[in-house]
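Worksheet: one structure, shown below.
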Amino acid sequence: LMKKSLTKIFAVTAIISTILSNAVYAAPKRGEKIGTFRVTAYTNYTRSGKYKNIPTAKGMMPKANHTVATNWKEIPAGSKIMIGDSDIVYTVEDTGNFTGLVDIYMGSYGAMQEWGMHRLPVYRVIEE
């Protein structure tokens, strides 16, 4: 019985793998410019490298190259955005008490410090 179950699982996995490998994904594109924002960085890591288990305002754990915090009156939660010339698509999952600012989640304290502050255009994402 166990062997039959494993055989079925492997067969289904092979089918799913084939479907995914044949799928065509359209790259996201920059849509309209929302505005030019101060772009800063934040992290859940302390200077010593210790991780603070703090979820975003949406209740999920933030991820580098994915999570940004905005004022949701300016750029609503769940929005997909691109910043400057970067091809990274960020998702608004966190918020803060600020205006005119986008805060990018970084995966380390060093990366956060290195980023500093920039003034960059922010665009909506068009997903096709």
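With Kirkwood's inverse mean 1/r over C-alpha pairs for Rh, give me the Rg to Rh ratio of the range 37-124, two decimals please.
Values: Rg = 12.1 Å, Rh = 12.9 Å.
Rounded to two decimals, Rg/Rh equals 0.94.
Quick one: accessible area per residue over the range 26-128, 1.4 Å probe, rounded to a whole number of Å²? Spell out each step's value before the answer.
Working: 5800 Å² over 103 residues.
It amounts to 56 Å² per residue over the range 26-128.
Can you sort Lys50, Lys80 by solvent-accessible area, 1.4 Å probe, largest first?
Details: Lys50 140, Lys80 75 Å².
Accessible-area ranking of Lys50, Lys80, largest first: Lys50, Lys80.
With an 8 Å cut-off on Cα pairs and a minimum separation of 6 or more residues, tell me the relative contact order of the range 18-118 in percent.
Numbers: 169 pairs, mean separation 37.8, N = 101.
In percent, rounded to a whole number, it is 37.
I need the calculated FRET efficiency for the pair Met117 and Asp85, taking r as the beta carbon distance and R₀ as 22 Å, to the nearest 0.05.
0.80
The values are calculated or read from the model by the stated rules, or taken from the named source; none is laboratory data. None of these values were measured; they are calculated from a predicted model. Every residue, glycine as well, gets a Cβ built from its backbone with ideal geometry; the counts of neighbours run over all protein chains shown. Surface areas here come from the heavy atoms of the whole protein model, side chains and all, with no ligands, DNA or RNA. Shrake-Rupley method; radii C 1.70, N 1.55, O 1.52, S 1.80 Å.
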